[in-house]
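To start, I am sharing the structure in question, which I have written as structure tokens.
The values are calculated or read from the model by the stated rules, or taken from the named source; none is laboratory data. Keep in mind it's a predicted model, so treat the numbers as computed, not measured. Glycine gets a Cβ as well: all are built from the backbone with ideal geometry, and neighbour counts include every protein chain shown. In case anyone asks, the SASA skips ligands and DNA or RNA and just uses the protein heavy atoms, side chains included. Shrake-Rupley method; radii C 1.70, N 1.55, O 1.52, S 1.80 Å.
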Amino acid sequence: MIAGQGGDPDAELPVAEHVQVVPAGGTGWLRDLDALAVGTAAWRLGAGRARKEDPVSAGAGVLCLAKPGERVEQGQPLLELRTDEPARFERAIEALHGAIEIGAEPPVISPPVLERVT
């Protein structure tokens with residue numbers, strides 16, 4: 001896809017200068033990870049813009065190191081926040097408040113295909 005759009009698929013990708021890990025607050029099953037909150041955190045790290053004139057940092061973003069349905073241990077890294085401006089971490093972490101649910105029971109995961117229409 002990259003080559004088809006005139007890009008170089010072997011080009012090095014930018015890497016953010018600063019990284020902060022968000023650890024699991026407890027042991028159990030990762031029951032929920034709010035995608036909107038993770039997206040907002042990425043935006044606040046510099047991966048998106050509020051206005052078309054705003055710059056975007058190609059190395060900024062959030063790596064999800066665990067996904068809902070997985071068992072996690074307290075302190076285990078769940079998310080890795082990346083940015084070129086460390087002052088952005090505070091607001092990104094605020095966006096994640098309440099976005100991670102860890103519980104004693106595994107979540108019910110919906111199948112990727114709910115039904116087929118023929």
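When the helix-only estimate is applied to the chain (DSSP H runs of n ≥ 4, each -39,500 (n - 2.57), divided by the residue count), what is the mean residue ellipticity at 222 nm, nearest 500 deg cm²/dmol? Mind dumping the intermediate values first?
Numbers: 2 runs with 15 residues, N = 118.
About -3500 deg cm²/dmol.
Based only on the alpha carbon positions, what is the Kirkwood hydrodynamic radius of the chain, in angstrom? Numbers along the way, then the final one.
Numbers: mean 1/r = 0.0620 Å⁻¹.
After inverting the pairwise mean of 1/r, the radius is 16.1 Å.
Excluding ligands and nucleic acids, what accessible area in Å² is computed for Glu115 using a 1.4 Å probe, to the nearest 10?
Surface accessible to solvent at Glu115 totals approximately 140 Å².
Can you grab the distance from the C-alpha centre of region 20-35 to the C-alpha centre of region 63-101, Å, no decimals?
Taking the Cα centre of each part, region 20-35 and region 63-101 sit 7 Å apart.
Convex hull volume of the Cα atoms in region 63-118, per residue, in Å³? List each step's numbers first, then the result.
Details: hull volume 7.8 nm³, N = 56.
Spread over its residues, the Cα hull of region 63-118 gives 139 Å³ apiece.
Viscosity 1.567 mPa s, temperature 4 °C: what is the translational diffusion coefficient of region 1-61 from Stokes-Einstein with a Kirkwood Rh over Cα pairs, rounded to a whole number of µm²/s?
Here the translational diffusion coefficient equals 89 µm²/s.
OK, next. Out of residues 5 or more away from Leu79 or on other chains, whose amide H comes under 5 Å of its own, with H placed 1.01 Å from N in the peptide plane?
Amide H neighbours of Leu79, under 5 Å, 5+ apart: Val22, Leu65.
Let me ask something additional. Mind giving me the nanometre distance, one decimal, between the label points for Glu101 and Glu85, set 7 Å out from Cα along Cα→Cβ?
3.4 nm
Over the chain, what percent of the accessible surface lies on carbon and sulfur atoms, probe 1.4 Å? Intermediate values should be presented prior to the final figure.
On the way: 4380 of 8290 Å².
In the chain, the share of accessible area belonging to carbon and sulfur is 53 percent.
Taking the Cα centre as origin and putting +1 on Lys and Arg beta-carbons and -1 on Asp and Glu beta-carbons, what dipole magnitude results for the chain, to the nearest 20 debye?
So the magnitude is around 300 debye.
Separate question: If you roll a 1.4 Å probe over the heavy atoms of the protein chains, what accessible area per residue do you get for the chain, in Å²? Each step should come with its number before you reach the end.
On the way: 8290 Å² over 118 residues.
I get 70 Å² per residue for the chain.
For a paramagnetic label modelled at 7 Å from the Cα of Val21 toward its Cβ, which residues of region 77-118 fall within the zone defined by backbone nitrogen distances under 17 Å?
77-83
With a cap of 14 neighbouring Cβ atoms within 10 Å, and only residues DSSP puts in a loop, list the trypsin sites (Lys or Arg not before Pro) found in region 72-118.
On the way: sites: Arg82, Arg88, Arg91, Arg116; in loops: Arg116.
Here the trypsin sites (Lys or Arg not before Pro) that fit, given the DSSP loop and packing criteria, are Arg116.
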